[in-house]
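All remarks here apply to the structure that follows.
The values are calculated or read from the model by the stated rules, or taken from the named source; none is laboratory data. Predicted, not measured: the structure shown is a model, and the values here were computed from it. All Cβ positions, even for glycine, are placed from backbone atoms using ideal geometry, and neighbour counts span all protein chains on display. Heavy atoms of the whole protein, side chains included, go into the accessibility calculation; ligands, DNA and RNA do not. Shrake-Rupley method; radii C 1.70, N 1.55, O 1.52, S 1.80 Å.
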Amino acid sequence: MSTLGIYAVPKLTDKNWVEFKTKTIMSLTARGLNRHIDGTMKIPKPLPMSADGKKTLLNDNRTEATDTNIELSLVILDAHAQKEALAIQQLYVTVPNSVMIQVQNKGSVSAIWKAICLIY
């Protein structure tokens, strides 16, 4: 098993796809990562920069962002990246290396998951 307790997901084999898929989805959902795996999570965008590249702007592209706005934006970007990494990490520790090699360059966890589903 890759983790303990309610998050336990078996290592994927040729014989346990249904169990693996069900437990993976439930484990990621229990961790609040289901929108990442199903691809419905919107990827946050960094705040835009002024034309001269000297000022960070709010999303209206006119108002200069405060330090608080910038920090909040960075926190949101970091949180998204961390959740993607958590979901990808769970997939990588539960699939065979041969599968990981095939899917590792897909980018997002939802693209990785879709590729794994196509393999099995």
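Would you confirm whether any residue within the range 82-104 is open to solvent by 90 Å² or more (accessible area, probe 1.4 Å) and not in a helix (DSSP H, G or I)?
Scanning the range 82-104, I find no residue that is open to solvent by 90 Å² or more (accessible area, probe 1.4 Å) and not in a helix (DSSP H, G or I), so the answer is no.
Given the conditions (1) hydroxyl-bearing (Ser, Thr, Tyr); (2) in contact with an Asp or Glu (Cβ under 9 Å, 6 or more places away or on another chain); (3) within 30 Å of GLN104 (Cβ to Cβ), which single one is not true for THR40?
With (1) hydroxyl-bearing (Ser, Thr, Tyr); (2) in contact with an Asp or Glu (Cβ under 9 Å, 6 or more places away or on another chain); (3) within 30 Å of GLN104 (Cβ to Cβ) applied to THR40, the lone miss is (2).
Check MET100 against each of (1) in contact (Cβ under 8 Å) with a residue 12 or more places away in the chain; (2) within 19 Å of VAL18 (Cα to Cα); (3) of a type outside the set (S, T, N, Q) and name the one condition it does not meet.
The single condition MET100 does not satisfy is (1).
Please verify whether the range 2-14 includes one or more residues that are closer than 23 Å to LYS114 by Cβ, outside any strand (DSSP E or B) and open to solvent by 80 Å² or more (accessible area, probe 1.4 Å). Working first, answer last.
First, the residues of the range 2-14 that are closer than 23 Å to LYS114 by Cβ: 2-3, 7, 9-14.
With outside any strand (DSSP E or B) added as a condition, the list becomes 2-3, 7, 9-14.
Now restrict to residues that are open to solvent by 80 Å² or more (accessible area, probe 1.4 Å): 11, 14.
Yes.
I'd like the residue in the range 62-81 that is of a type in the set (D, E, K, R) and part of a helix (DSSP H, G or I) and, out of all such residues, is least open to solvent (accessible area, probe 1.4 Å). Talk me through it step by step, then tell me what you get.
Taking the range 62-81 first, the residues of a type in the set (D, E, K, R) are 62, 64, 67, 71, 78.
In the following step, the residues that additionally are part of a helix (DSSP H, G or I) were identified as 67, 71, 78.
Working: ASP67: 129, GLU71: 106, ASP78: 90 Å².
Residue satisfying both the conditions and the ranking: ASP78.
So which residues in the range 105-120 are under 13 Å from the mean Cα position of the chain (by Cα) and not in a helix (DSSP H, G or I)?
Residues satisfying the conditions are LYS106, GLY107, SER108.
Taking ILE70 as the residue in question, decide whether it is farther than 22 Å from LYS15 by Cα, in contact (Cβ under 8 Å) with a residue 60 or more places away in the chain and of a type in the set (Val, Ile, Thr). Reasoning before the result, please.
Values: farther than 22 Å from LYS15 by Cα: yes; in contact (Cβ under 8 Å) with a residue 60 or more places away in the chain: no; of a type in the set (Val, Ile, Thr): yes.
Answer is no for this residue.
Take the range 14-38 and flag every residue that is free of Cβ contacts under 8 Å to residues at least 12 places away in the same chain and of a type in the set (Val, Ile, Thr).
VAL18, THR22, THR29 - these are the residues of the range 14-38 that are free of Cβ contacts under 8 Å to residues at least 12 places away in the same chain and of a type in the set (Val, Ile, Thr).
Any residue at all in the range 39-61 that is open to solvent by less than 40 Å² (accessible area, probe 1.4 Å), in contact (Cβ under 8 Å) with a residue 60 or more places away in the chain and β-branched (Val, Ile, Thr)?
Within the range 39-61, not a single residue is open to solvent by less than 40 Å² (accessible area, probe 1.4 Å), in contact (Cβ under 8 Å) with a residue 60 or more places away in the chain and β-branched (Val, Ile, Thr).
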